[in-house]
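> Could you have a look at this structure, given as structure tokens, before my questions?
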Amino acid sequence: MGKNLAGRTAVITGASSGIGEATARALAAEGAAVALLARRAERIEGLAAEITATGSKAVACVADVQDRDAVLRAAEIVGAALGPVHILVNNAGVMLLSPFDAGKVDEWRRMIDTNLTGVLLVSDVFLPQLVAAQGDIVNISSVAGRTTGPNSSVYNATKWGLTAWSDALRKELIQASVRVIVVEPGAVATELTDHISDDHIREGAQGFYDSVGALQAEDIAAAIAFAVGQPQRVSLNEILIRPTGQAG
Ligand code: NDP
């Protein structure tokens, strides 16, 4: 195990499961102190205890990324426990696939408010610290931010939006030496598909994941650890990672 990130503090949103959980473990294994943000307290408290037991620093902060006041409170907890932040991983997200004409307005709002507005709110809160640290912002977009498909139109809109915002932000933050890194995973075996409310579409998505040999969350976490571990002159702007068996 290297300690490439020793002395750095990372905030990871959506750290209670899947890619966020694996990323917290990977960054901690590289020596970073990690702040775990999510809504499920038990999950992030358990993970913080597990990471602390390995000798790394970790703190759990319960927050809904849609709630700016909750994110501000989380930032205070992070500052008191771990000091200034150097790395922000905007990972929290939901994928509530449905045909557009099903009119699932509440699910559209949840996706937009979590995948897009939530990222903006969290980034705004931590940006002054990231600028002071010449730090890193890692945004977890998706292959769905490059391609489109039926039943995915609103999810596609959030991820295309996230990818576009990331690249514009990267240009804005060049003078501040803040790296903005977009990660675009293909199918990864996590809880993401469990929340799809349409039984037929959920089963179809899960069948697709099985058929392409979905990645493990640790595969994405390793790429994130690699990117933020690069020397400051190296900016891995965009990382597209599909399972070997996934075409589109
Ligand atoms: P999971 O469902 O396992 O993880 C999603 C995480 O987001 C959970 O920790 C959840 O925590 C958190 N989250 C959801 N809503 C909120 C909220 N309002 N406030 C705070 N946290 C929230 O799925 P993945 O690990 O797969 O997803 C992580 C990211 O990766 C997402 O952005 C997803 O779009 C993206 N992605 C995933 C792919 C895949 O195939 N799995 C492919 C491409 C991209 P809690 O419920 O405790 O709040």
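> Considering every Cα-Cα pair within the chain, what fraction, in whole percent, is farther apart than 33 Å?
The share of Cα pairs beyond 33 Å in the chain comes to 13 percent.
> From the phi of every residue in the range 107-118, what ³J(HN,Hα) in whole Hz does the Karplus formula 6.51 cos²θ - 1.76 cosθ + 1.60 yield, where θ is phi - 60° and glycine or proline is x?
After applying 6.51 cos²θ - 1.76 cosθ + 1.60, I find 6, 4, 5, 4, 5, 5, 6, 8, 6, 10, 4, x Hz.
> Ordering 195, 200, 86 from largest to smallest accessible area (1.4 angstrom probe), what's the sequence?
Numbers: 195 95, 200 145, 86 45 Å².
Greatest to least solvent exposure: 200, 195, 86.
> Here's something else I'd like to know. Does anyone have the angle between helix 199-212 and the longest principal axis of the chain? Alpha-carbon axes, 0 to 90°, nearest 10?
70 degrees
> To continue, here is another question. Compute the angle between helix 217-228 and the longest alpha-carbon principal axis of the chain, please, reported from 0 to 90 degrees and rounded to the nearest 10.
Taking the Cα atoms of the chain, the angle to 217-228 is about 40 degrees.
> Another one. Roughly how big is the range 9-241's charge dipole about its Cα centre, with Cβ charges of +1 (Lys, Arg) and -1 (Asp, Glu), in debye to the nearest 20? Could you put the intermediate results ahead of the total?
Working: 17 positive and 27 negative charges, 133 e Å.
Charge dipole of the range 9-241: 640 debye, to the nearest 20.
> Let me ask something else. With a 1.4 Å probe and every protein chain left in place, work out the accessible area per residue of the chain in Å², rounded to a whole number. Intermediate values should be presented prior to the final figure.
Details: 10980 Å² over 248 residues.
Averaged over the residues of the chain, the accessible area is 44 Å².
> Of 65, 78, 122, which is farthest on the positive side of the dipole of the range 32-129, counting Cα position, with +1 on Lys and Arg Cβ, -1 on Asp and Glu Cβ, and the Cα centre as origin?
The one lying farthest along the dipole's positive direction is 78.
> Another question, then. Carbon and sulfur atoms: what percent of the 1.4 Å accessible area of the chain do they account for?
Details: 5850 of 10980 Å².
Of all accessible area on the chain, carbon and sulfur atoms account for 53 percent.
> By average Cβ neighbour count within 10 Å, what is the ranking of 154-164, 72-82, 134-144 from highest down? Could the numbers behind the result be given before it?
Details: 154-164: 20.8, 72-82: 16.5, 134-144: 23.5.
For the peptides 154-164, 72-82, 134-144, the packing ranking is 134-144, 154-164, 72-82.
> How big is the gap, in Å, between the Cα center of the range 165-214 and the Cα center of the range 1-40?
Centre-to-centre (Cα) distance: 18 Å.
> Taking only Cα atoms, what is the 0 to 90° angle, nearest 10, from helix 18-29's long axis to the longest principal axis of the chain?
20 degrees
> Students often check this: by mean Cβ neighbours within 10 Å, which of 218-224, 234-240 ranks highest, and how do the rest follow?
Values: 218-224: 20.6, 234-240: 14.7.
Per-residue Cβ counts within 10 Å, averaged per peptide and sorted highest first, yield 218-224, 234-240.
The values are calculated or read from the model by the stated rules, or taken from the named source; none is laboratory data. The shown structure was predicted, so the numbers you read here are calculated from the model rather than taken from an experiment. Reconstructed Cβ throughout: ideal geometry from the backbone, glycine too, with neighbour counts over all protein chains shown. Each accessible area value is taken on the protein alone, full model and side chains, heavy atoms only, with ligands, DNA and RNA left out. Shrake-Rupley method; radii C 1.70, N 1.55, O 1.52, S 1.80 Å.
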